[in-house]
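Some notes on the structure that comes next.
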Amino acid sequence: MNVSYRWLQKLAPTIVGPALAVAERLTGIAVAVDEVIWLGSGLQDIVIGQVEEIASHPNADRLVVCQVNVGGKSTAQVVTGAPKVTQGAFYPFVGVGGTLPGGLSIKRAKLRGEYSEGMLCSERELNLGRDQEGIMQLYGDFVPGTAFIEALGLDDHRLVLDITPNRSDLLGHFGVARELAPGGGADLVRPDFPGHATVEVELLPSELEAETGGVRISIEDTEGCSRFTGVVIRGVTVKPSPEWLARDLRAAGLQPLNNVVDATNHVLYELNQPIHAYDLATLRGPEIIVRRAKAGEKLQTLDGKERKLNPDMLVIADAGGAIGLAGVMGGLATEVAGGTSDVLIEAAYFDPGRNRTGARALGMDTEASYRFQRGIDPQATHEAMARVVNLILAVAGGTVEGAGVDLNPRPTERLVVSVRHSRVTHVLGVELEPESIPSYLEPIGFETRQAKNGTFDVAVPGWRPDVEREIDLIEEIARRHGYDKFPDKLGLFRPTTIPEEEYADVFERLRDFFVGAGFLESRGSPLGPAEEGEVQVLNPLSEVESHLRSSLLTSLLHSVERNFAQAQRDVRLFELGTAFKAGAGPVPDERLHVAAAWTGAREPAHWSSEGGGGGDYDVWDLKWLVESVAAIAARGTELRPVDGDGDEPWLEDAFAVMSGDGQPLGLAGRVPNDRVEAPRWAAKVWGLEVEIVSRRAAQVTYRDLPVYPPSDRDLALIVPTRVLAAEVAGVIRKAAPDFLDDVSIFDVYEGESIPAGTRSIAWRLRFRAADRTLTDAEIDAAVKSIASALKRDLNVGIRGA
Amino acid sequence: MADFLTNLREVEEEGAEVIGSAATLDDLENARIEYLGRKARLTQLLRQLPELPVEERPSAGAEANTVKRRFQDLLESRSAEIRAQSRAREAPEFDPTLPARARWRGARHPCTLVINEICEIFREIGFVRARGPEVETPDYNFIKLNTPLDHPATDEHDTFYLPGGLLLRTHTSPVQARVMEKTEPPIRIVVPGMCYRRDPFDASHAPAFEQIEGLAVDEGITFVDFKATINYFVHRFFGADASTRFRPSFFPFTEPSAEIDVSCLLCGGDGCSACKGTGWLEIMGAGMVDPAVFENVGYDPERYTGFAFGMGPARIAMLRYRVPDIRLFYEGDVRFLEQFAPA
C-alpha cells in the first residue's frame, strides 16, 4: 500500500513533521513502512512549458516544430514526434543542460535540419507512470516557466506500507491518518473537492431490492453480498482528470485513466471502499441483480480476458448475463470510457470468504478483491458512496438522478467486546492506570464504557473486523502504548520438565567426529528428482524438485560433482538430515540419517613427500569411517562385507551396517563410475550412509588400569586364501586362556616365499593377567594350544614351523 | 691543533674502513686491537692532548672521544652482521620457514554454527531443544495455530502438498502444538528444523530452509518477560551494543504480535545498503501465544500465558558472515564450507 504524505495531511492537518519521522512512528505503532520516496526526485530541472505555435517540419512528415513558452518572454523551439501535441496546452519541459530522472542530460540537437532546444516529456520519462504513449499533457491553469515540482505538487513523499493481513483499515489514507493523527479520529476531516461544495447524497434504505434512476437493483445472494448501495448519475463528461486528482493517484502509485474511474480509485485509496462504475447505456434491460454465477456462464473482464464462471462465484448481472465479477473486476462491456454519459455507481460489501473462493478459482488478485478478502467496513458503504458521488460531480459534472438505493438485508452493528483491566496487567506485565484504557482505544475509533470491577465494554468500529476478542483489545493497548516503552527486565522462571531432544547429543558427536576427520558439513536441498525419492510433492516448483529425497548420500554426490566442476580433486563432505521413505500408510517415514562422500588425497600435499603424503583414500579408510560412524549413530550394530550375493548393493567394495536383529541400517563403499560424473583426474569416490538410531551418546564406564606387565608373542600364520582374518581371530580368542589381552595384525604378505593358495598374516598376541606376572611356561602353553586349534579348525599353520 | 685534527680524521677514516670490512669475528677482534687497543693510534693521539694549548684541549678531546665512540658502535654492529651471516650459511640443515605438514581441516556448516549458538544462549535461560516432523497435517501446520485454511495469512505460506492431504511444514511452529498436547507447563523449548515454502531459489530464498522456533509457557509469563528474553538473546548473540526495536505485526498464533529488528550489524544503525538505509535488520517474528492456540491444545488460557518466536538461521548466518547469496549454503562447495573451519 502506497500512501501520499500530502494526502494524509489533507485528511488530518495535525499530522506534521518530516515524512521520515512520520514513517518511523507508523512503524512503531501500527505497520512497517518499507520505504519513503521523495516524489520530486530527479525532477528539479523540469518546468512548465506552453506550446504557442505548431508548424510542420519542412523535412519530415512525422515531426512538428513547436515554439514553447518556457517562462516570461522566452521561448524554446522543440522538434517533437508526439502525435497529440496541442496548441495552447501545457507540458513538462526540460531545456538544454537539464537532466531527466534517469540521468539523461539534454543537449541542443538538430533534427532533420531543425534545431531542438529541449524536449516535452512523457510520464515515463519523468518516472511518473507507465504511460509511454505520448507526452504528458497537463490539465489546469499553469504559468509557463514554473518549476514542475511546485506546479504539480510533487514536493511530496510516498510511504510504502507493508500491511499485515489484520490491518485492512490501513489500506486507505483515512485509516492511516487516524492512526497517525495526535488526536486520532477527532482530527480527521473530509475536505471539499476543489471547485465543488459538498452536497448531500440521499440514499433510501431497503432490504433486497429497490429502484434508482430507472434501474432496479436486487440482491439474490445475501450470503455473498450483505450490502449494496447504488446511485445513477447522468450527463457526466468523461475526460482526463484535473491535475490535483491525477497527482494524488500518481503519488500513491496509481495510473490516472479518466475522471470517473480516477474518482472511484481516489475513494478506494481514501476510504478503503472499492467502488465500481457501470456505463448505464450498455446495460441490457433496466435491472441488475447480485447473484451466484451460473454453471458455464462466461464474462469478458476489463483486462480483456474471457472468464469461465461457476456457481461459487458472485456476479453482478443484467438481463443478458454477468456484467461484472463482484468485488474482483468489472466486465469489459459495461466499462466507463470516452463516450459514456450516464453511470451507475456501486459501493457494496462482499463476503471475504466467498470473494476469496471466486478470485482464487480464477487466479485473480485485484485491488478490490485484496480489500474485500481482508474485510472492509460494512457500516460505511453509504459514506463512501456520498464521497464518490461528490467527487464525480466535481470532476466530471452530471446530475444525480433521484435518491440512490442502499440495500442492507443483513445490517451489522458494532461488536461489543469486554476487556478486564486485570487481564491487561496479567498479559502485559505492567500495571496501566485503568482510566488510561479509553485513552488508548478511543482515538482510533473504539467506544469504551466502564462497566463494574475495572472492566470496559468496548464497541468495535466496523473498519476493524480483526478485533473480536479481549486479547485483540489488549494488543491494541500494547501497541498504542508503544512496545518500546515496556520495561526490559528478565524475571525468574521455572525450569521446564521437558527433556532435551534425544538425538541432539548424537548429532553433535557425529559432527565432532567428522570435523576431526577433516570433513566439511554440507546441507543439501531435501527436494530432488523422481529417481531420488519415494515421496512425491503434488505441486513441485520443477521436475527436478518433485520428490523428497530418500538418501542424503545421493545429494552429497551431486555436491561432489559440482566440486569436480570447480577443479577440486580433494572433497570430503558429510551431512545430517532427514531421509523420507514411503510409509505403511499415507504418512511418509522420516528417518534421521548421516551420510558422507569423499575423494582424493588422505592428507594435504606436503613438500617433504611426493604425491601428497599418505596417498588417496582407500577401502581401509572407508572401513574406519563407517565403523566409527556406526559406533556413534547406530551402537550395537555389526559391519558386514557385502559380497554381491542376494541384494546387489549399488556401492562397490561395500560394507553393510546391520542391526542386532539383522536389519540393514547403513551402507558404505566405493561409488561406481556410472553413479558419479567424475573427470579423468579424479580419484576414487567413497560414500557412506547410516541411519541414526542411537539416542544419546554411549555411557563410558571406567576399567581398572593394568598393574602387571604384558608379554607379546608374534605368530606368522600361513592362512589359506579362502580363510578370513576374522575367522582366524575368532579361533585364537576361543582357544586362548582368559589372560589373552589383545590380538592384532601387523603384516599381511602374499608372494614367492610362501605356498601358492595361501597368504602369511603376522599376528601379535598380547598376554596379561590382572592379578600376577605371567610365566613363560604359561604363555608357551597358551600359544601351543592356540596353534593346535588353528591347525585343527582352519588348517592354518605357523610359518617356518 | 690542526695537525691533531688531520691525524684524527685519517685514523677515523682508516679505522671505519677496516672495521666495516672485517669478514670474520677474528678479523674484527684484530681491528679492535688495532684501533682501540693500548697501542692504537687513537690512543696515542689522546696521549698527545696535554701537548696542545690549554684552550684547545677540551674541543680536541671531545672530537677524539666521538671517534672512539664511533669505532665502538661500528664494532658492535659489524659483529651482529657477521653472526647473522654465519647463521644464514648454516640454513640448509634446517629451514623453519618451510610449510608445516598439515591435516585436512573439517568444519561445521555455517547454519549449524548459528543454530548451535542460538540454542546454547537459550539453554542458559532454561530452554531445551525439541524436534518435530517435517511432513505435517494442515491441522498442526495451520488450524491448531489459529490459522483457518482460507485466511489471507496462509497466502504468505505458499505450501508444498503431499498425497493424503499432508503437507511439508511451512514453519517450525507446529511443534508448539505437538509439545503442548503432550506436556503440561512449564514449557521452555527451542526447535531448530527444516521448513518448506514454494519460493524458487534466488539470492534470498530457498524452497527448503532452516528455522528456529521458541516457546515458553507457564503461569504468569508476560509481555515484559517476552521482551526481556528476546533482548537477552539479542545481546548475547549480536553483542551488548546491539539495540532492538519491537514493532507491531501479525501472526495468527500470537497476540500481541511483534517483529523484532536489531540495529544493523554492518553500519551500526547509520543506514547502509544491507539495511536499506533504515539502520535496522529484521531478525524474527514473535509474540504472546494467542489464547486460541491454548484452547486448541487443551490448556486453560486464563491460567497460562506464554510467548513464541521464530527466526531463520540462514538469514542470520548471511548477516553474520556477510554471505551475499543464500544458495551458497546449499551447494556443498568446499571452497565455501572450509571458510567456516575453527580458526
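Structure values in brief
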item: Among (1) over 30 Å from A:G524 (Cα atoms); (2) modelled with pLDDT under 95, the one test that B:E295 misses; result: (2)
item: Residue check for B:D73: surrounded by fewer than 10 Cβ atoms within 10 Å (Cβ to Cβ) and among the acidic types (D, E); result: no
item: Residue within the range A:166-175 that is touching a helix residue (DSSP H, G or I) at 6+ places or on another chain (Cβ under 9 Å) and at positive phi present; result: no
item: Failed criterion for A:G353 (all others in (1) in contact (Cβ under 8 Å) with a residue 24 or more places away in the chain; (2) of a type in the set (G, A, S); (3) in contact with an Asp or Glu (Cβ under 7 Å, 6 or more places away or on another chain) hold); result: (1)
item: Output for the range A:546-556, where each listed residue is assigned to a helix (DSSP H, G or I), within 10 Å of chain B (Cβ to nearest Cβ) and at pLDDT 95 or above; result: A:L556
item: Flag for A:W624 being aromatic (F, W, Y), more than 14 Å from every other protein chain (Cβ to nearest Cβ) and out of contact with any Phe, Trp or Tyr (no Cβ under 9 Å at 6 or more places or on another chain); result: yes
item: Lone unmet requirement of (1) outside any helix (DSSP H, G or I); (2) within 8 Å of chain B (Cβ to nearest Cβ); (3) more than 22 Å from A:L667 (Cα to Cα) for A:R562; result: (1)
item: Considering residues of the range A:753-767 that are in a loop (DSSP other than H, G, I, E, B) and touching a Ser or Thr at 6+ places or on another chain (Cβ under 7 Å) only, the residue farthest from A:Y708 (Cα to Cα); result: A:G757
item: Some residue of the range A:48-68 being of a type in the set (A, V, I, L, M, F, W, C), surrounded by 15 or more Cβ atoms within 10 Å (Cβ to Cβ) and touching a helix residue (DSSP H, G or I) at 6+ places or on another chain (Cβ under 6 Å); result: yes
item: Any hit, the range B:169-187, residues being more than 8 Å from chain A (Cβ to nearest Cβ) and in contact with a Pro (Cβ under 6 Å, 6 or more places away or on another chain); result: no
item: Scope the range A:491-517; condition more than 32 Å from the chain's Cα centre (by Cα), more than 8 Å from chain B (Cβ to nearest Cβ) and closer than 16 Å to A:V690 by Cα; matching residues; result: A:V506, A:R509, A:L510, A:F513
item: In the range A:518-545, the residues that are more than 10 Å from every other protein chain (Cβ to nearest Cβ) and of a type in the set (K, R); result: none
item: Residue in the range A:257-272 that is farthest from the chain's Cα centre (by Cα), counting only those that are outside any helix (DSSP H, G or I) and surrounded by fewer than 24 Cβ atoms within 10 Å (Cβ to Cβ); result: A:N258
item: A:E270 being farther than 24 Å from A:N390 by Cα and among the acidic types (D, E); result: no
item: A:D747, sole failed condition from (1) part of a loop (DSSP other than H, G, I, E, B); (2) surrounded by fewer than 17 Cβ atoms within 10 Å (Cβ to Cβ); (3) not polar (S, T, N, Q); result: (1)
item: Subset of the range B:271-293 that is without any contact (Cβ under 8 Å) to a residue 60 or more places away in the chain and either at the interface with another protein chain (Cβ under 10 Å from one of its Cβ atoms) or assigned to a helix (DSSP H, G or I) (or both) - its residue that is surrounded by the most Cβ atoms within 10 Å (Cβ to Cβ); result: B:T278
item: Tabulated pairs, the range A:483-510, first among the aromatic types (F, W, Y), second assigned to a loop (DSSP other than H, G, I, E, B), C-beta under 6 angstrom, 6+ apart or interchain; result: A:F493/B:G126
item: Long-range neighbours under 6 Å by Cβ, at least six apart or interchain, first residue surrounded by 17 or more Cβ atoms within 10 Å (Cβ to Cβ) and assigned to a helix (DSSP H, G or I) within the range B:311-340, second at pLDDT 95 or above and among the basic types (K, R); result: B:Y330/A:R523
item: Filter result (assigned to a strand (DSSP E or B) and under 27 Å from A:G339 (Cβ atoms)) within the range A:389-431; result: A:T399, A:V400, A:G404, A:V405
item: Residues located in the range B:297-343, provided they are more than 10 Å from chain A (Cβ to nearest Cβ), touching a Ser or Thr at 6+ places or on another chain (Cβ under 7 Å) and under 26 Å from A:L557 (Cα atoms); result: B:I326
item: Only listed residue being away from every other protein chain (no Cβ under 13 Å) and either of a type in the set (V, I, T) or under 37 Å from the mean Cα position of the chain (by Cα) (or both), chosen from A:P409, A:P443; result: A:P443
item: Of all residues making up the range A:103-133, the number that are out of contact with any Asp or Glu (no Cβ under 9 Å at 6 or more places or on another chain), surrounded by 16 or more Cβ atoms within 10 Å (Cβ to Cβ) and more than 28 Å from A:V36 (Cβ to Cβ); result: 6
item: Selected residue (only one of A:E590, A:E575 is within 7 Å of chain B (Cβ to nearest Cβ) and at pLDDT 95 or above); result: A:E590
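The values are calculated or read from the model by the stated rules, or taken from the named source; none is laboratory data. Small disclaimer: the values here were computed from a predicted structure and weren't measured. Every residue, glycine as well, gets a Cβ built from its backbone with ideal geometry; the counts of neighbours run over all protein chains shown.
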